[in-house]
Amino acid sequence: MDEKQIVLNAVEGYLRNGITQDGDIKVTCLQDDKTSCVEQSGGEGRSVMLDEFCVDGKVIWAGYSSRSRTVYLSLTSAR
């Protein structure tokens, strides 16, 4: 499964059922309207860029870190 599909599955699971773990993939919520985040690991930081997804009429920013197997997501404010 490619990264886009991993992220989409995680976003759908979170929005529809509140699922924060899908197998070994974790879901971490960020503040609203974030389009990137810095993942800290062992004293180093790594940028994770988020892409826009639309699921069930809701827009959400989400991105995947293969290092930690984590999907980061950020809800958007009303448009």
√(5λ) per eigenvalue of the Cα gyration tensor, the chain, largest first, Å: 19, 15, 10
Crossing angle, helix 3-17 versus the chain [Cα axis fit, 0-90 degrees, rounded to tens]: 50
Order of Met49, Met1 - criterion: other Cβ atoms within 10 Å of each residue's Cβ, fewest first: Met1, Met49
Order of Asp2, Asp51 - criterion: other Cβ atoms within 10 Å of each residue's Cβ, fewest first: Asp2, Asp51
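Tell me, what is the percent relative contact order of the chain, built from C-alpha pairs under 8 Å that lie six or more residues apart?
31 percent.
Every read-out reported here was derived from the displayed coordinates using simple, explicitly stated rules and does not represent laboratory data. Since the structure is predicted, the reported quantities are computational estimates derived from the model, not experimental observations. Note that each Cβ is placed from the backbone with ideal geometry, even for glycine, and that neighbours are counted across all protein chains shown.
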